[in-house]
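Single-structure report; data block below.
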Amino acid sequence: MNEATLIFGMFLVTFSVRYILFAVAGKVRFPPWLTTGLNFVPPAVLTAIIVPALLIPQGELWVRVDNPWLLAGIFAALVSFWRRDLLTTIVAGMLFFMILRFGFNL
């Protein structure tokens, strides 16, 4: 097999899987209990990504007051609850992290 055949095969597999999902997207109805359960998937995935980044930023558990990732995450969460705006939360969290990391050398 040459390279072009392999690339075309990967294209067919990728395209067919995605096409099937988009083709049946409006025709499939989930039961209410499944729809309710699926509403919890995005927060669960984000939590699974964010919590290890805050608590284990350098490869081992770091739950102390000199952890700038944890402090910036807590600050960003507070800004999020206060402002209810994604962009403001991201900018405020990043600025707070930069101040801690580079201003105070934490």
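What the table shows:
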{"item": "Low-density loop cleavage sites - chymotrypsin sites (Phe, Trp or Tyr not before Pro) in the range 16-86, where at most 15 other Cβ are within 10 Å (DSSP)", "result": "Phe40, Trp62"}
{"item": "Spatial separation of Cα centroids for the range 8-46 and the range 74-90, in angstrom", "result": "30"}
{"item": "Contour excess over end-to-end distance, with Cα ends at Ala44 and Leu78 and 0.36 nm allotted per residue", "result": "10.3 nm"}
{"item": "Solvent-accessible area, 1.4 Å probe, carbon plus sulfur percent, for the chain", "result": "75"}
{"item": "Of the DSSP H helices in the chain, those whose Cα atoms cover at least 30 Å axially and whose Kyte score averages 0.5 or more", "result": "none"}
{"item": "Accessible-area value, Arg83, 1.4 Å probe, nucleic acids and ligands omitted, Å²", "result": "120"}
{"item": "Residue with peak Gaussian network fluctuation, the chain [Cα springs, cutoff 10 Å], from Val91, Val51, Val17", "result": "Val17"}
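The values are calculated or read from the model by the stated rules, or taken from the named source; none is laboratory data. Quick caveat: nothing in here was measured; it's all calculated off a predicted structure. Positions of Cβ are backbone-derived with ideal geometry, glycine not excepted, and every protein chain shown enters the neighbour counts. The area values use the complete protein model at the heavy-atom level, side chains included, leaving out ligands, DNA and RNA. Shrake-Rupley method; radii C 1.70, N 1.55, O 1.52, S 1.80 Å.
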